[in-house]
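In what follows, a structure is listed as structure tokens, so that the remarks can point back to it.
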């Protein structure tokens with residue numbers, strides 16, 4: 001983590017016209033949650049749109065922080081000679097958090113026995129000896145309904161309440177202040193070689209579901225061109241498992257029109273213990289996929305196309321209601337979700 005902090009300082013100092021940084025939250029163990037902001041001044045003074053990217057919400061998924069660093073490196077090295085990228089950076093501000101779960105990430109570097117730690121490092125609840133919350137089950141999106149556990153010892157423990165963890169709260173607070181400007185939310189995970197779109201709840205679909213699938217499949221095609229690796233596109237219930245409380249779902253429920261989770265390499269041979277020689281190729285293909293989606297969203301936003309802002313459509317006869325202030329869903333049975 002110290003190396004990542006040092007690298008972030010170097011990138012900012014070496015590229016002051018493009019890169020700035022901000023601390024937007026603190027972990028349970030009082031460490032900074034820090035982002036890099038990539039963006040150029042808009043020569044016409046036009047309002048810029050926002051793209052969010054985060055990595056390292058699950059501690060053991062080391063390829064994820066590696067990708068966020070690779071992404072920034074590629075942007076910094078190529079924007080001056082790539083006119084399209086330069087144009088996008090004049091229209092967009094891209095916020096990149098290399099590691100959200102700083103405490104957990106540091107814990108995975110302690111020794112071999114902690115290498116596969118997934119959760120945060122919050123203190124155990126009363127009566128338990130088990131640390132940590134699965135931060136990607138703690139967001140205010142159908143919290144606690146499917147694909148979670150209320151057992152603090154479980155890997156998918158969702159916490160005491162939606163947004164109970166400072167790491168999840170920091171993202172919701174920071175991005176929440178930019179909802180009207182934010183057009184894309186990308187969260188990077190591993191493993192499985194998947195591109196997941198909203199929603200994790202099996203009875204809700206995004207109103208722009210077909211477009212999300214189409215854009216995701218185009219990204220998968222671009223990723224395959226790099227090293228021949230196949231990435232599968234769909235909602236989590238369709239191609240992985242149902243879940244709730246994810247940052248991806250929170251983003252779409254909040255009104256961000258495009259929201260995706262990338263599950264990077266591999267499909268099970270190494271899983272979270274991806275060998276060193278696969279780091280660069282994994283990042284190269286993921287960059288191609290991310291850039292494909294960013295380009296599409298940019299072109300749509302700045303070609304006077306209408307971006308969807310509705311959050312959900314329902315299936316199986318389930319009626320849903322959204323609280324505009326809380327973005328919480330109620331089923332008609334009266335169950336708070």
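The numbers here are math on the coordinates, done by the rules we state, and not lab data. Small disclaimer: the values here were computed from a predicted structure and weren't measured. Note: ideal-geometry Cβ built from the backbone for every residue, glycine included; neighbour counts use all protein chains shown.
For the chain, the square roots of the Cα gyration tensor eigenvalues, ordered a ≥ b ≥ c, give a/c below 1.5, which places it in the rounded category. Each peptide in 189-202, 279-292 gets a packing score, the mean of other Cβ atoms within 10 Å over its residues, and the list from highest to lowest is 189-202, 279-292. Be a star and scan the range 212-227 for residues whose amide nitrogen sits under 20 Å from the point 7 Å along the Cα-to-Cβ vector of residue 277. What the label zone holds, given the 20 Å backbone N cut-off, is 226-227. For the range 85-119, backbone nitrogen atoms closer than 19 Å to the point 7 Å from residue 151 Cα along Cα-to-C-beta are found at 117-119. Extension gain, residue 113-residue 20: 0.36 nm per intervening residue step, less the Cα-Cα distance, totals 29.9 nm. Note on residue 123 and residue 37: the model spin-label points, each 7 Å out from Cα along the C-beta direction, lie 3.5 nm apart. Rounded to the nearest 5, the antiparallel percentage of DSSP beta bridges internal to the chain is 45%.
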